[in-house]
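Bear in mind that the values in this text are calculations on the coordinates, not laboratory data. Since this is a predicted model, take the numbers as computed values, not measurements. Positions of Cβ are backbone-derived with ideal geometry, glycine not excepted, and every protein chain shown enters the neighbour counts.
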Amino acid sequence: MCFSDNNRRDFLRTAAAAAAAVAGVSALSTGPAQAQSAVPAHSPGRHRTSDGRIALTNVRVFDGSALTAPRTVVIDNGLIGISAVGARRIDCQGAILLPGLIDAHIHLADLDTLHQLTRFGVTTGLDMACFPPSVVDALRRRPGLTDIRSAGTPAVAPGSPQSHLPIFPADAILTGPEQAVTFVRNRITEGSDYIKIIVDEPGLSPETVRALTVAAHQRGRLVMAHATTAAMVDRALTAGADMIHHVPLDTPLPGTLAARFASGGRVAVPTLTMMEGFAGLGIPGMDYAAAEGSVAALHRAGARILAGTDANRTPGIPVQPAHGLSLHHELDLLVQAGLAPVEALRAATSLPAQSFGLRDRGFIRPGYRADLVLIDGDPLADIGATRDIRRVWVGGVEYVTTG
């Protein structure tokens, strides 16, 4: 999320500006990154590469529905292996092994962003807007650090906060549906893994949102829609967006809209951490109870819900969830909203992997990426146990914090 100086000064003056801020656009910062934890920026950890196979013995595995009896998990050349013959053994003493966590809504900033995510067990980060493309390109395929995907530049309307940014690409400010095909083509050329659309007012017309969705689907890309009111959720669903990010702060989603998520196979990414932050600013018309009620309605309807935080470091935005750490808080909030702990864990592991077509992660199975988080405590009894991290591996490379 990013604003010009004028927008930043005006931010808290109206609820509309505040709601628009949740749009979640991250641009290359011209100032120093703000530290989100005690880990020093740019050199917060080191990697312990494996010497051949590693066998994690006496470990209980979260298999997507329960915890197994103590067993052995093999890390072999970055993947989950089969044979422990000749492997270096690590006795996990009955600790619990989770698949690497996935945050389904972040905003990238710099290399320190990846270190923070990795440190807290987030081995896959799904960026929901960052530009210019060179920022994302510089953070891809970093061995031993969080693996990323990105929407790149989102589609926005004239007059939106994003459109006023000096560095915002002109071809992403759309005035009508006839520009949809070009926008999608340009984003794919730049490397966008999926397409992001800002639906909120002042926003794109229903016809433009629909045209963008059709163009993205024709090119094999999923569509992410930003919507923070019930009316805009309705617009995104009608257009055929695959995932709706955020939930309303004005009123809980009615059961009819929640049912449309489930019946149409649409995915919800509520970002309760961000909704809680904005509701806490005291802006009239923003009530966290509406967000929590929306998640409860989605859950009752059987909709697929993913864990996403809207973690960002964008100057001028008053709510900046910390990369990595905030995902554990998101799990807490999802449980408080009605999900069972096992459902919350799936919302941060197998379900985002399946929803985004990441077929090599989300479970601990032979042949899958060795993205692993070793924790103390039982997260099925207390979701807060996900914070008790002993060790983290990304693609079979262990991340070791310093200090």
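Things to note:
- Potential extension, Arg219-Ser263 segment - 0.36 nm per residue separation minus Cα distance: 13.4 nm
- Distance between the modelled labels on His164 and Ala340, one decimal in nanometres: 4.8 nm (7 Å Cα→Cβ projection).
- Seen through its C-alpha gyration tensor, with square-root eigenvalues sorted a ≥ b ≥ c, segment 135-183 comes out prolate because a/c lies at 1.5 or above while a/b is bigger than b/c.
- Cα gyration tensor category, rounded, prolate or oblate, for segment 158-287 with a/c compared to 1.5: oblate
- Shown here for segment 297-403: trypsin sites (Lys or Arg not before Pro) in loop regions (DSSP other than H, G, I, E, B) with at most 13 other Cβ atoms within 10 Å, namely Arg359.
- Within the listed set Gly86, Gly302, Gly121, the Gaussian network model of the chain (springs between alpha-carbon atoms below 10 Å) gives the highest mean-square fluctuation for Gly86.
- Crossing angle, helix 230-239 versus the chain [Cα axis fit, 0-90 degrees, rounded to tens]: 80 degrees
- Average Cα contact separation per residue, the chain, under 8 Å, 6 or more apart, as relative contact order %: 21 percent
- Protection proxy ranking for 98-106, 266-274, using the average of other Cβ atoms within 10 Å per residue and placing the highest first: 98-106, 266-274.
- Cut-off 14 Å between beta-carbons: net charge of the residues surrounding Ile195, Lys and Arg +1, Asp and Glu -1: +2
- Shown in residue order for segment 371-378 are the 3J(HN,Hα) couplings computed by the Karplus curve 6.51 cos²θ - 1.76 cosθ + 1.60 at θ = phi - 60°: 9, 9, 10, 9, 10, 9, x, 10 Hz (x for Gly and Pro).
- Tensor-based shape of segment 297-398 (alpha-carbon gyration tensor, a/c under 1.5 rounded, otherwise prolate or oblate): rounded
- Alpha-carbon centroids, segment 192-241 and segment 254-309: separation in whole Å: 17 Å
- Each label point was placed 7 Å from the Cα along the Cα-to-Cβ direction; for Ala66 and Arg141 their separation is 4.2 nm.
- The sum of -39500 (n - 2.57) across all DSSP H runs of n ≥ 4, divided by the residue count of the chain, sets its helix-only mean residue ellipticity at 222 nm to -8500 deg cm²/dmol.
- Net charge of Cβ neighbours under 14 Å - reference Ala215; Lys, Arg +1; Asp, Glu -1: +2
- Here each label is just a point 7 Å from Cα along the line to Cβ, and for Asp360 and Arg185 those points are 3.1 nm apart.
- For the chain, the share of DSSP beta bridges that are antiparallel, to the nearest 5, is 45%.
- For Asp382 and Thr251, a Förster radius of 41 Å and the Cβ-Cβ distance give a FRET efficiency of 0.80, rounded to the nearest 0.05.
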